[in-house]
Amino acid sequence: MEFKWNEKIYYVYIMASINKVIYIGFTDCLIKRGRQHKKGFYDGFTKKYKVNKLVYFESFDTLKKATKREKELKGWKRNRKIELIEKDNSNWQDLYLELISIYKTKI
């Protein structure tokens with residue numbers, strides 16, 4: 001997983017709740033979108049189930065590639081999604097906190 005700072009990048013991400021309810025989405029601003037999830041900015045699934053930990057993300061250079069990957073991941077069975085998360089984040093750590101820490105050192 002790589003976070004890029006100075007390019008127009010699109011991200012496919014997986015958010016999770018403390019009970020490992022997962023949500024897959026995409027955005028062009030991962031920090032802003034993560035903050036929105038954490039604050040329950042939008043009513044709906046993620047707010048209802050408190051899906052607010054960033055546990056996985058991938059970056060893409062085009063919107064087309066990102067939306068294609070998002071649809072692909074959403075089509076996977078749950079166990080395959082969990083394997084993807086745990087490949088790089090076996091403890092389901094909140095990667096958002098790392099992004100904020102890195103971001104603060106860049107500004």
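The values are calculated or read from the model by the stated rules, or taken from the named source; none is laboratory data. This structure is a prediction, so every number in the text was calculated from the model and none was measured. Cβ atoms come from the backbone with ideal geometry, glycine included; neighbour counts cover every protein chain shown. SASA here: full protein model, heavy atoms, side chains in, ligands and nucleic acids out. Shrake-Rupley method; radii C 1.70, N 1.55, O 1.52, S 1.80 Å.
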Open item on the list: Once you keep just the Cα pairs under 8 angstrom separated by 6 or more residues, what percentage relative contact order results for the range 7-50?
Closed with: 32
Task: the chain, Rg to Rh (Cα coordinates; Rh as Kirkwood inverse mean 1/r) - done: 0.94
- [ ] At 1.4 Å probe size, with every protein chain present, just tell me what the per residue accessible area of the chain comes to in Å².
- [x] 65
Open item on the list: On a straight-distance basis, which lysines could pair with residue 20 in a cross-link, Cα separation under 16 angstrom, same-chain partners fewer than 8 positions away excluded?
Closed with: 38, 47, 48, 50, 53, 74, 77, 81, 87
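Considering Cα pairs under 8 angstrom that are at least six residues apart, work out the relative contact order of the range 53-96 and quote it in whole percent. If you can, show how the numbers build up before the last one.
Numbers: 23 pairs, mean separation 31.0, N = 44.
Contact order relative to length: 70 percent.
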Task: Summed residue charge, Cβ within 11 Å of residue 94's Cβ, Lys/Arg positive, Asp/Glu negative - done: +1
- [ ] Pairs of Cα atoms under 8 Å, at least six residues apart: use those to get the relative contact order of the chain, whole percent.
- [x] 31
Open item on the list: Give me a comma-separated list of calculated 3J(HN,Hα) values for the range 83-93, in order, Karplus coefficients 6.51, -1.76, 1.60 applied at θ = phi - 60°, integers in Hz, x for any Gly or Pro.
Closed with: 4, 4, 4, 6, 4, 10, 9, 4, 9, 6, 5
TODO: Could you pull out the chymotrypsin sites (Phe, Trp or Tyr not before Pro) across the range 1-70 that fall in loop regions by DSSP (anything but H, G, I, E, B) with no more than 16 other Cβ atoms inside 10 Å?
DONE: 3, 5, 41, 42, 49
